[in-house]
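Encoded as structure tokens, the structure appears first; notes follow it.
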Amino acid sequence: MSDWFETLEALHAEIWDSVVQGIGNSDHPTRTPTFATVSPKGWPEARTVVLRAVDTEYGTLAFYTDLFSDKIRSLQATPRAALHIWDAEKALQIRMSMHVKIASGDAVKSIWANLPEHSKLSYGVDPAPGQPIKQALNYSKTPDPAAFAVLNCEVLTIDAVHLGDDHRRAIYSRSDDWMGHWLSP
Ligand SMILES: Cc1cc2nc3c(=O)[nH]c(=O)nc-3n(C[C@H](O)[C@H](O)[C@H](O)COP(=O)(O)O)c2cc1C
């Protein structure tokens, strides 16, 4: 019996298993991936986000954010993102490229309604996220459904690196139905 990192198929399954763990397990590395975008001026920008939903059948992920945060302006200019995860326990790096659609208002009303009250506080800050303030705490938070946005991401490619006794690297693409190919690491 081979290990999960030895075949393209098993590695692909392990990647999605790992990503799914991020939904239920707050300590899992896939819970807080790095989400990178391109700024309107072309600069790379990266930040930590919480993984909120995964659909393994369609290869989609979802994240929540403030509609008035800078990343929204970046995604409006360039609706693409990269995701980075380092799962140290599995010695597995996962990188994804994704198309991103921003949903807000009525489209996310039912998700907002089901958020716990303390989570709603993350959406609705005055002044808006990223605005300069004179003192560190010169802002107020009021839950605001109009500030709540969901980033619906369609995964296009997955680049996986496994650092075991041997190093293995594979690339999977939606365009070839996730068949996968080995790459030199
Ligand atoms: C552990 C952790 C989890 C975070 N989760 C989110 C999140 O789910 N959504 C979000 O918009 N920002 C989240 N943030 C804050 C972002 O990293 C970032 O500071 C903020 O969204 C502003 O980014 P922007 O100016 O690029 O839009 C999180 C930060 C940390 C440290």
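Read the figures in this text as sums done on the coordinates, not as results from a lab. Note that the coordinates shown come from a computational prediction; the quantities given were computed from them, not determined experimentally. Cβ atoms come from the backbone with ideal geometry, glycine included; neighbour counts cover every protein chain shown.
Sparse packing (at most 16 other Cβ atoms within 10 Å of the Cβ) combined with a DSSP loop state is found for the following trypsin sites (Lys or Arg not before Pro) in segment 134-168: Lys134. Model label sites at Asp27 and Thr60, defined 7 Å from Cα along the beta-carbon direction, differ in position by 3.2 nm.
Of the trypsin sites (Lys or Arg not before Pro) found in segment 17-72, the ones in coil according to DSSP and having at most 12 other Cβ atoms within 10 Å of their Cβ are Lys41. Taken along its three principal axes, the alpha carbon spread of segment 1-114 comes to 50, 35, 25 Å, from the longest extent down to the shortest. Pairs of lysine residues in segment 1-137 that meet both criteria, 8 or more places apart or on different chains and Cα atoms under 26 Å apart, total 10. Based on the convex hull around the alpha carbon atoms, segment 9-54 presents an average projected area of 4.1 nm². For the chain, the longest piece that avoids every one of the GluC sites (Glu not before Pro) found in DSSP loops with at most 15 other C-beta atoms within 10 Å covers 90-185. Determine the shape class of segment 35-185: with a ≥ b ≥ c the square roots of the Cα gyration tensor eigenvalues, call it rounded for a/c under 1.5, and otherwise prolate if a/b is greater than b/c, oblate otherwise. Prolate shape, in that a/c is at least 1.5 and a/b is the bigger ratio.
For Thr7, what is the net charge nearby, where nearby means another residue's Cβ is under 13 Å from its Cβ and Lys, Arg count +1, Asp, Glu -1? Within the 13 Å Cβ shell, the charges total -3. Out of the chymotrypsin sites (Phe, Trp or Tyr not before Pro) in segment 1-79, which ones are loop residues according to DSSP with at most 14 other C-beta atoms within 10 Å? Qualifying residues, ordered by number: Tyr58. Taking θ as phi - 60° and the Karplus parameters 6.51, -1.76 and 1.60, the scalar couplings of segment 87-94 work out to 9, 5, 4, 8, 6, 10, 9, 10 Hz in sequence order, x denoting glycine and proline.
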